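Step one of this worksheet: look at the structure below.
The values are calculated or read from the model by the stated rules, or taken from the named source; none is laboratory data. Bear in mind the structure is a predicted one, so any value in this text is a computation, not a measurement. Neighbour counts are summed over all protein chains in view; Cβ atoms, including those assigned to glycine, are modelled from backbone coordinates with ideal geometry.
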Amino acid sequence: MAVLTASTIAASLWSMPTHSVDESPTPASLGAKIFRDASLSASGQMSCATCHVPENAHAQVNDASVQSGGANLDVPGFRAVPSLRYLNFDIPFFFANDGTPTGGFNRDGRANDLVAQAERPLTAAHEMANSDAATVAAKLAQTTYVGEFKQVFGADVFNDPDLAMLAAEYALSSYELSSPQFRPFDSKFDYFLAGKVMLSEQELRGYYFFNSQQKGGCAGCHPSTSVGGQPPLFTDYTYDNLGVPRNMDIPANADPAYFDMGLCGPERTDLANSIDLCGQFKVPTLRNVATRKVIFHNGEFHDLRRAIEFYVQRDTNPEKWYPLDDNGVPQKFNDVPPLLTRNVNQSEVPYNRHPGEAPALSEDEIDDVVAFLKTLTDGYDPATGTADPARDVPTSPQP
Amino acid sequence: MSHLTIRRASLAAAILALVSTGAHADDAALKTEVDALKAEVAALKAEVREMREYRAAQATATPTAPQPAPAAPTVAANTGPGAGAGMPNPGVGVGEGTTLWGYGQIDYNHPTAHAADAQADLTRAVIGFNHAFDDSTRVYGELEWEHAVASSSDSGEVEVEQLYVEHALAENYGVRAGLMLIPLGLLNEHHEPTQYYGVERNFVEQAIIPSTWREGGVAGYGSTEFGLAWNLGITTGPDLGNWDPSSDEGRGSPLGSIHQELQLAHAHDPSFFGALNYNGIPGFNVGGGVFTGKIGQATSKSTGGDPNFPADDSRLTLAEAHVRWQPGPFDFAALYTRGTISDTEKLNLSFLGQPTPVPKSFWGSYVQGAWRALEWGQSSSLVPFARFERFNTGASYASQPFGLGTPALPTERVWTVGANYYLNPNVVFKIDYQDFNHDDVALSYGNRFDLGIGYQF
């Protein structure tokens, strides 16, 4: 009964597209099957759902900073796995009038939509590791749903492997765009905005500190207000260089000459000469951030509280976050080439402080912000006061 | 048939009669006589044209704001020196019943503590038109360009500030419909640079009364022999659904940040205004007005609106009172205004910690004195002035739980001292110094030195 009540309230929080009761296969229904089909990978053991686990808000469930893929699941990746939830609201990459890079998919924004985004995992050596479109098409042709695939995309879709792979990417995109489980808007904070529950005193304090420009100033990049009738998504789709410490758990970082510089490469290539953008990564949504096993683009942090500590103490206590040189001086921004450390955001709240100054948030205030961020977890049940993103996932795969 | 038409017909008949009579004279005498008559007709035509233009201008000047008293000095009762009444100067005739008018302003601001922020700006260039369809009906419009260049990548704007049709039902009352100025305060309807003292418009009538404040709707106006002018209207209103708590704009001007300017305006909730002005004593005006209406605009139910919006029933009420006295070369004015916005508690709860929640109340007042100290010839004059303003755009906020509410903003105080030099009544050069008690870089509040050029025609 409690679940029924929660579901009823959740449905009233945000109108969601309904699904056709027609049994005919659709791109979206095919996308749901492809999403969980490990047979499409070189290893036969990795699907989209392996890293983007629906029950964990479409993000990873292990603690690895980066996941490994390939034929033997032993090729390490370069970046942490992002959640796929609320990605349907993302927008193609562009430069705003003031020159701010905005939008785009992947942490460096190099894909302009979910169709383009779906291409990389199918062929990347450290992910599903198919060598080419023909390999993907051949595997698609062997699936149990190949008949439905032909029914939707045409009997001769496999005559052109590139077309078959594009059809699979389109199906995945359709699934992510149409399925409400990717955008349930049923967190405690959504209930709060709807006036159906009240946040606790600690959560409200945390919300205050989150928004306040004299405290966390988090809302500067993670807006918490509705825009155009849409509940807040806690991202402004821009990019920032936070100077996150280098993560030596990423094998690629063993090479001191290797730097992942986001917008300007090495994975993205079209902005390689935009030196001022080096080190910038996309601002992610904070919805479900309390369920993340890894935080930031390089997965350096595994604990939400510690990540917030880093935000507010990076500049007041750099010795806590960066290795010390022989003289005991913290090597700030050690995951950015030395000549590009000026690119690190050092002007906005809460980074505008110096050693010896008080951090923007006290230890208690950090606890408050963590309490608030936990209200952004999907699948809130007002009857029990608990949240679980798995509540948004149907018991059997469906679009 | 109008008097002009009758007069023109009579002239034509007289000419025909004279020409007929000329058949009995010799040709040379007749030609001389006809030439003389032609010249006279041409002169009369010019006179008729001038009369029409004057009549059109008079129609344009039908007041919504206090009329100048009949025997007022050269300074209009509710405007600055050299101004017309209720509108810019009569303008330039461009055709039958049509006049064009305009004004413009170029400013230079030099913050004394932040000289690097000194700025010069073509603040606005305005072209207006008036067309009288007949003796009782006209259309009136004002088109404005702000900040010199307007494009998607520039800061300028192009605006229609006024566009309405007006119909006089009788000599002293009528109705108008369209986009019109709200008749509150001393400045909103008289915002041309020759009409106010100082390079910039006063803060109270920008921050509290959001000049230039216009809404779309229908209004009635009129005046009595006793000298009482009145205005009543039903219009669109601001849209609280557009409030941005992360922006400084609402702190600069609560209503200015959510006005709609009849730009695809959400119009679920009508607003009402009323204004009274007494002008029965030459050189003296006292008046006031109220604007009120719900400003939630049914946001929670509107297409594209926030379904969780908790302030559909929020109501704005803004009231003001003013007085102006112009004895001889002196010009004294005072104004007080206060606004309230109801039902903001739940909305501000969702904005907790944001820099700009919705205020529960806001107010402002000023006193001003000016003296036409020097005059040259018939039209040039130097008018030093001083103005003292106090205003608060966040005088109070609805309370929030656990002491997390927003404290009232500090009241801003501004002294402005300077002078307007009128080369002629329609061209003004300005200089002033402004002293603020609180600096606010985001709102450009800080002691500064200003220069300005303004004109109107």
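Numbers for the structure displayed
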read-out	value
Residues of the range B:283-304 classified as part of a loop (DSSP other than H, G, I, E, B), within 14 Å of chain A (Cβ to nearest Cβ) and surrounded by fewer than 21 Cβ atoms within 10 Å (Cβ to Cβ), total	4
One residue from B:Gln368, B:Gln378 being closer than 29 Å to B:Leu187 by Cβ and modelled with pLDDT under 95	B:Gln378
Qualifying residue in the range A:50-68 (condition: acidic (Asp, Glu), at pLDDT 95 or above and either closer than 17 Å to A:Ser173 by Cα or buried (at least 22 other Cβ atoms within 10 Å of the Cβ) (or both))	no
Lone qualifier among A:Phe209, A:Phe192, A:Phe149 - being at pLDDT 95 or above and more than 9 Å from chain B (Cβ to nearest Cβ)	A:Phe149
Identity of the residue in the range B:223-245, surrounded by fewer than 18 Cβ atoms within 10 Å (Cβ to Cβ) and in a loop (DSSP other than H, G, I, E, B), that ends up farthest from the other protein chains (Cβ to nearest Cβ)	B:Glu225
Within the range A:118-130, considering residues that are within 16 Å of the chain's Cα centre (by Cα) and either touching a residue at least 24 places away in the same chain (Cβ under 8 Å) or within 11 Å of A:Met46 (Cα to Cα) (or both), the one surrounded by the fewest Cβ atoms within 10 Å (Cβ to Cβ)	A:Pro121
Only listed residue being part of a strand (DSSP E or B), over 24 Å from B:Ile453 (Cα atoms) and within 16 Å of the chain's Cα centre (by Cα), chosen from B:Leu184, B:Leu179	B:Leu179
First in the range B:136-157 and within 14 Å of chain A (Cβ to nearest Cβ) and part of a loop (DSSP other than H, G, I, E, B), second anywhere and surrounded by 14 or more Cβ atoms within 10 Å (Cβ to Cβ) and not hydrophobic (A, V, I, L, M, F, W, C), Cβ under 7 Å, 6 or more apart	B:Val149/B:Gly156; B:Ala150/B:Gly156; B:Ser155/B:His147; B:Gly156/B:Glu146; B:Gly156/B:His147
Top-ranked residue of the range A:356-399 - restricted to ones that are among the polar types (S, T, N, Q), in contact (Cβ under 8 Å) with a residue 40 or more places away in the chain and assigned to a loop (DSSP other than H, G, I, E, B), ranked as surrounded by the fewest Cβ atoms within 10 Å (Cβ to Cβ)	A:Thr384
Among (1) away from chain B (no Cβ under 14 Å); (2) assigned to a loop (DSSP other than H, G, I, E, B); (3) not hydroxyl-bearing (Ser, Thr, Tyr), the one test that A:Arg306 misses	(2)
Qualifying residue in the range B:353-368 (condition: more than 27 Å from B:Leu318 (Cα to Cα), more than 14 Å from chain A (Cβ to nearest Cβ) and in contact (Cβ under 8 Å) with a residue 24 or more places away in the chain)	no
Lone unmet requirement of (1) surrounded by 13 or more Cβ atoms within 10 Å (Cβ to Cβ); (2) more than 30 Å from A:Asp255 (Cα to Cα); (3) without any contact (Cβ under 8 Å) to a residue 40 or more places away in the chain for A:Gln331	(2)
Options A:Met261, A:Met248; residue that is away from chain B (no Cβ under 14 Å) and crowded, with 22+ Cβ neighbours inside 10 Å	A:Met261
Listing of helices (runs of 4 or more DSSP H) fully contained in the range A:125-199 that carry 1 or more residues being over 30 Å from B:Asn348 (Cβ atoms)	A:133-141, A:146-153, A:161-178
Test: residue in the range A:225-232 that is β-branched (Val, Ile, Thr), assigned to a loop (DSSP other than H, G, I, E, B), away from chain B (no Cβ under 13 Å) and surrounded by 16 or more Cβ atoms within 10 Å (Cβ to Cβ)	no
Residue match in the range B:409-430 (condition: β-branched (Val, Ile, Thr), in a loop (DSSP other than H, G, I, E, B) and under 30 Å from A:Ser200 (Cβ atoms))	no
Counted residues, the range B:431-452 - those being in a strand (DSSP E or B) and at pLDDT 95 or above	11
Number of positions in the range A:170-186 that are under 17 Å from the mean Cα position of the chain (by Cα), within 14 Å of another protein chain (Cβ to nearest Cβ) and not aromatic (Phe, Trp, Tyr)	0
Enumeration of residues in the range B:268-282 that are of a type in the set (A, V, I, L, M) and part of a strand (DSSP E or B)	B:Ala275, B:Leu276
Residues located in the range B:305-328, provided they are at negative phi, touching a residue at least 60 places away in the same chain (Cβ under 8 Å) and more than 14 Å from chain A (Cβ to nearest Cβ)	B:Ser314, B:Leu316, B:Leu318, B:Glu320, B:His322, B:Arg324, B:Gln326
Scope the range A:105-124; condition out of contact with any helix residue (DSSP H, G or I) (no Cβ under 6 Å at 6 or more places or on another chain), within 16 Å of A:His52 (Cα to Cα) and part of a helix (DSSP H, G or I); matching residues	A:Gln117, A:Arg120, A:Pro121
Whichever residue in the range B:334-352 is closer than 20 Å to B:Arg390 by Cβ and surrounded by fewer than 23 Cβ atoms within 10 Å (Cβ to Cβ) and, among such residues, is nearest to the other protein chains (Cβ to nearest Cβ)	B:Thr340
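So that you can scan it fast, the table gives a plain yes or no per residue for (1) within 23 Å of B:Ser399 (Cα to Cα); (2) crowded, with 17+ Cβ neighbours inside 10 Å; (3) within 14 Å of chain B (Cβ to nearest Cβ):
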position: A:Met198; (1), (2), (3): yes, no, yes
position: A:Cys218; (1), (2), (3): no, yes, yes
position: A:Ala254; (1), (2), (3): no, no, no
position: A:Arg268; (1), (2), (3): no, yes, no
position: A:Lys282; (1), (2), (3): no, yes, no
